[in-house]
Amino acid sequence: MESEKKPFGQLLKDFGLITDADIEEGLAHQKETGQKLGEALVELGKITGRDIEWVLSKQLDIPFVIVDETTTDLELLQKFPKDFLMVNRIVPMYETDDEVAIATDDPQNTEVFAKIEEKFAKKVNISAANGDAIDALLSKLLKQEGSPEVQSILEKQFERLQETCFYRLDIRLNPNSITIGAFGFGILKTIYKAELGPDENFTRNDFFAALDTMGIGFLYEEYGVENGEMFSIYPVGEEFKPQAAPAVIGAFGLGLPEEDTFTDVGVSGLERVHVAQGPVDGYDFIAVRGYDGRSEQIIYTIDSAPVEFLNCYVKVYIPKMCPSCGGAGCPECKHLGLLFNLMDGIFSFNDIMTTLKQV
Ligand SMILES: [Zn+2]
């Protein structure tokens, strides 16, 4: 096979892309720089990257295709790990009983094709395509295709958590599983757990992108963990504003003040919330991690609020065990095992504790 190939420069010349003089110039530049001849010719402006891909496909006697959404099999796309496609610049085109067709900008990437053959136990049918076009298409499709699943998980959980004390979601991603815990009022409850197939793989970015698509702004914290990723998100609802500060919030969708606000954790999708180590004079401060000093303009979560506070704007959902299921989970409590009573107004910490004991 190898010996039948024409030299690359000769091929370029046969296709009328360059002259003998260009080849000589290219070879000289190649000697200086140690590049491949094609790269040298691109650098000299004799040809484009696209010319190389096209000629390579001719040299290897494979078709050159223009990749776009219509030439891509979205179901087949899901069968590949995203990173694998991005790193190797591969667009899955279609699958038949005995072959998997792909487009790539590197038709000589035989090691990778062998992996696909092994995975599918089918022959790989290769087409060449422009690398930049592959990059652009993959980033579009993988974002589009990656998010709906995560988005659907989040939407279901968000629906369950409305009007509850759970204001924080703890998301743990391991190579083979997703676990989501809901936290609030000292209660941590696992609300979602799924095993993943060998090729399914979600990252923090899938979650952030899904929230972005859903138009949800949020605060977040990230933790280093072994063998996976762990992060917490605090969705911030636009639907209610703390009516005064200091405030104590124990509700899903932490309140968002109307003015510019600062917070002690990460922020995404909230233009008027900024990160700061501690309270900034004259501004509200959402103290997710707690704050020991004195400030009138602090918005605490129920779990970070100082126990001695007296008159505070409070919006807290007080949890009580679901009487129908005794905490085991039933449709009435959306399988959370808890029901909630809203406490909304000016109260002291003591008032909250008294109410908690009463329910
Ligand atoms: Zn129940």
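The values are calculated or read from the model by the stated rules, or taken from the named source; none is laboratory data. Fair warning: this is a prediction, and the values are worked out from it, not measured in the lab. Virtual Cβ from ideal backbone geometry, glycine too; neighbours counted across all protein chains shown.
Structure above, values below:
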quantity	calculated
Among (1) out of contact with any Pro (no Cβ under 6 Å at 6 or more places or on another chain); (2) outside the structural domain of residue 83 (by TED's automatic domain parsing); (3) not β-branched (Val, Ile, Thr), the one test that residue 218 misses	(1)
Test: residue in the stretch 81-98 that is over 22 Å from residue 53 (Cβ atoms), surrounded by fewer than 16 Cβ atoms within 10 Å (Cβ to Cβ) and under 29 Å from the mean Cα position of the chain (by Cα)	yes
Residue match in the stretch 72-87 (condition: within 14 Å of residue 131 (Cβ to Cβ) and assigned to a strand (DSSP E or B))	no
Condition met for residue 64 (surrounded by 13 or more Cβ atoms within 10 Å (Cβ to Cβ) and either among the polar types (S, T, N, Q) or within 40 Å of the chain's Cα centre (by Cα) (or both))	yes
Output for the stretch 252-264, where each listed residue is at negative phi and crowded, with 17+ Cβ neighbours inside 10 Å	252, 254, 255, 256, 257, 261, 262, 263, 264
Residue in the stretch 186-196 that is under 21 Å from residue 255 (Cβ atoms) and either polar (S, T, N, Q) or surrounded by fewer than 19 Cβ atoms within 10 Å (Cβ to Cβ) (or both) present	yes
Output for the stretch 346-359, where each listed residue is away from the ligand (no atom under 15 Å from the Cβ) and under 24 Å from residue 255 (Cβ atoms)	346, 347, 348, 349, 350, 351, 352, 353, 354, 355, 356
The stretch 261-285, residues that are part of a strand (DSSP E or B) and among the charged types (D, E, K, R)	284
Residues being free of Cβ contacts under 8 Å to residues at least 24 places away in the same chain, surrounded by fewer than 19 Cβ atoms within 10 Å (Cβ to Cβ), within 16 Å of the ligand (Cβ to nearest atom) and outside any strand (DSSP E or B) - total across the stretch 286-345	10
Test: residue in the stretch 320-330 that is in contact with an Asp or Glu (Cβ under 6 Å, 6 or more places away or on another chain) and in the same structural domain as residue 243 (by TED's automatic domain parsing)	yes
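Residue-wise test of (1) under 13 Å from the mean Cα position of the chain (by Cα); (2) within 29 Å of residue 320 (Cα to Cα); (3) modelled with pLDDT of 90 or more.
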site: 154; (1), (2), (3): yes, yes, yes
site: 175; (1), (2), (3): no, no, no
site: 181; (1), (2), (3): no, yes, yes
site: 184; (1), (2), (3): no, yes, yes
site: 197; (1), (2), (3): no, no, no
site: 205; (1), (2), (3): yes, no, no
